[in-house]
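Participant: Pasting in a structure now, in structure tokens, and then I'll have a few things to ask.
Read the figures in this text as sums done on the coordinates, not as results from a lab. Predicted model, so just to flag it, every value in this text is computed and none were measured.
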Amino acid sequence: TNPDKAARLQQYYDAEQKLINDVAWLPIYQVTVQELRKPCVVGVVDNAQGLTPPDDWANVYISTNSNCANATVQ
């Protein structure tokens, strides 16, 4: 153990860097999100996982703008 907080933190950083440099890892799965949304759907905000958080669904709506009725997805 090291009673010096700064030195102890540096030791953690050094150990973390050794893991990054020396440990081999192979990603075997990568998530992708594909979606199609008309421009009339307003207020959808995706998080880093590509999901809409449950509390954000209250802000999602379909616009009544006349241009939306005939909008096509591009």
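Participant: Using alpha carbons only, how many degrees (0 to 90, rounded to 10) separate the axis of helix 5-22 from the longest principal axis of the chain?
Facilitator: 70 degrees
Participant: Take the alpha carbon gyration tensor of the range 5-62, find the square roots of its eigenvalues, order them as a ≥ b ≥ c, and report rounded if a/c is under 1.5; if not, report prolate when a/b exceeds b/c, else oblate.
Facilitator: oblate
Participant: Then there's this: Could you grab the relative contact order for the chain? Cα pairs under 8 Å, six or more apart, rounded to a whole percent.
Facilitator: 28 percent
Participant: I'd like the Karplus ³J(HN,Hα) series for the range 48-61: coefficients 6.51, -1.76, 1.60, θ = phi - 60°, whole numbers in Hz, and an x wherever there's a Gly or Pro.
Facilitator: 4, 8, x, 10, 8, x, x, 6, 8, 5, 5, 8, 8, 8
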